[in-house]
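Participant: Before I ask anything, let me first share the structure, which is written out below as structure tokens.
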Amino acid sequence: MWRTRKMAQEGTWHGIPRKEIPWFPTVDVDKCIGCELCYVTCGRGVYQMEGRKSVVANPFNCMVGCSTCGVVCPTQAISFPSRDLIWKVERENKIFKLVRQEAAEKKAKQSVQQARAVAEAAAAAVTNRVKVEIAGEFGEKRFLVQLQDLVKGQPFDIVQLMLEVPTVQGSMERTPSFMSFQVTSTQYEDIGPFLEQIRELVRRNDLVWVSETKQ
Ligand code: SF4
Ligand code: SF4
């Protein structure tokens, strides 16, 4: 019997009601030594420990086709039906048309996730705020005015600008001063090209580019 995709939801296995598939473990209590490995291994809550024995409390939580607990049981106390049972269920229920739909959905979801990861990586790679530190003689150079001219009409700004002058006397005697500011984009754009224009301005003014730090 073909089952529609609508049935491929909780409590079903590729459209087949899970309770129609008798795939679950059976514990031979005489062989079970109560090591609890099956209880710890199964992530689906199939087992409970009752005293020193493992009990299959929720058989239909078992994943169809899984036999991990049986493989790891040290005393081979856990058994499963023959795999023929699963193949018979697959054939009789003609699950593969639905499996192909599920595979197509999985691929579509994966490609969306990959595209999102690429977009996030690209966004992370864009630098849109950098702290710059420069040093030199600022006295008569009108460097600030030139910075203002550079920003005009551009989607970038310079914020938190600080000029540190060790002494006014010293600055008149051309002692180096220290300036820091942050270069930012007002439209979340990559500031790389604009930063290069500032570097050029610093070079033209014989100032020293001390450091730049991505914020
Ligand atoms: S893994 Fe085997 S021996 Fe250990 S508790 Fe489970 S059934 Fe018993
Ligand atoms: S076969 Fe897998 S899913 Fe089923 S009970 Fe064992 S560990 Fe859990």
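Participant: For segment 40-55, which residues satisfy the criterion of being in contact (Cβ under 8 Å) with a residue 24 or more places away in the chain, β-branched (Val, Ile, Thr) and not in a helix (DSSP H, G or I)?
Facilitator: Within segment 40-55, just Val55 meets the criteria.
Participant: Enumerate the helices (runs of 4 or more DSSP H) found wholly within segment 82-162, keeping only those where 2 or more residues are under 30 Å from Val210 (Cα atoms) and among the aliphatic types (A, V, I, L, M).
Facilitator: Values: elements: 83-93, 96-125, 143-151.
In segment 82-162, the matching helices (runs of 4 or more DSSP H) lie at 96-125, 143-151.
Participant: Please determine whether any residue of segment 178-192 is of a type in the set (A, V, I, L, M, F, W, C), within 18 Å of Lys131 (Cβ to Cβ) and either at pLDDT below 90 or exposed (fewer than 15 other Cβ atoms within 10 Å of the Cβ) (or both). I'd like the intermediate steps shown before the answer.
Facilitator: Of segment 178-192, the ones of a type in the set (A, V, I, L, M, F, W, C) are 178-179, 181, 183, 191.
Pick out the ones that are also within 18 Å of Lys131 (Cβ to Cβ) and you get 178-179, 181, 183, 191.
With either at pLDDT below 90 or exposed (fewer than 15 other Cβ atoms within 10 Å of the Cβ) (or both) added as a condition, the list becomes 191.
For segment 178-192, residues of a type in the set (A, V, I, L, M, F, W, C), within 18 Å of Lys131 (Cβ to Cβ) and either at pLDDT below 90 or exposed (fewer than 15 other Cβ atoms within 10 Å of the Cβ) (or both): present.
Participant: Being within 24 Å of Arg83 (Cβ to Cβ) and within 11 Å of ligand 1 (Cβ to nearest atom) is the filter here, so list the residues in segment 47-71 that pass it.
Facilitator: Tyr47, Ser54, Val56, Thr68, Cys69, Gly70, Val71
Participant: Right, another one. I'd like the full set of residues that are outside any loop (DSSP other than H, G, I, E, B) and either within 13 Å of Trp23 (Cβ to Cβ) or within 7 Å of ligand 2 (Cβ to nearest atom) (or both), limited to segment 56-77.
Facilitator: Selection gives Val56, Pro59, Phe60, Asn61, Thr68, Cys69, Gly70.
Participant: Moving to a separate point now. Find the residue count for segment 26-55, including only residues that are exposed (fewer than 14 other Cβ atoms within 10 Å of the Cβ), within 15 Å of ligand 2 (Cβ to nearest atom) and either more than 13 Å from Ala77 (Cα to Cα) or of a type in the set (Lys, Arg) (or both).
Facilitator: Of the residues in segment 26-55, 5 are exposed (fewer than 14 other Cβ atoms within 10 Å of the Cβ), within 15 Å of ligand 2 (Cβ to nearest atom) and either more than 13 Å from Ala77 (Cα to Cα) or of a type in the set (Lys, Arg) (or both).
Participant: Hey, another quick one. Report, by residue number, each residue of segment 133-165 that is polar (S, T, N, Q) and over 13 Å from Met179 (Cα atoms).
Facilitator: Matches in segment 133-165: Gln146, Gln148, Gln154.
Participant: Considering Val130, Val112, which residue is β-branched (Val, Ile, Thr), surrounded by 10 or more Cβ atoms within 10 Å (Cβ to Cβ) and under 21 Å from Ser177 (Cβ atoms)? Quick ask: steps written out before the conclusion?
Facilitator: Details: Val112 fails: under 21 Å from Ser177 (Cβ atoms).
After ruling out the rest, the residue left standing is Val130.
Participant: Now for a different question. Return yes when Thr175 is hydroxyl-bearing (Ser, Thr, Tyr), out of contact with any strand residue (DSSP E or B) (no Cβ under 8 Å at 6 or more places or on another chain) and part of a loop (DSSP other than H, G, I, E, B) and no when it is not.
Facilitator: The answer is yes for Thr175.
Participant: For Lys214, only one of the following conditions fails: (1) surrounded by 11 or more Cβ atoms within 10 Å (Cβ to Cβ); (2) charged (D, E, K, R); (3) under 41 Å from the mean Cα position of the chain (by Cα). What is its number?
Facilitator: For Lys214, the exception is condition (1).
The values are calculated or read from the model by the stated rules, or taken from the named source; none is laboratory data. In this text, all values refer to a predicted model and were calculated from it rather than measured experimentally. Here Cβ is always computed from backbone atoms with ideal geometry, including for glycine, and neighbour counts include all displayed protein chains.
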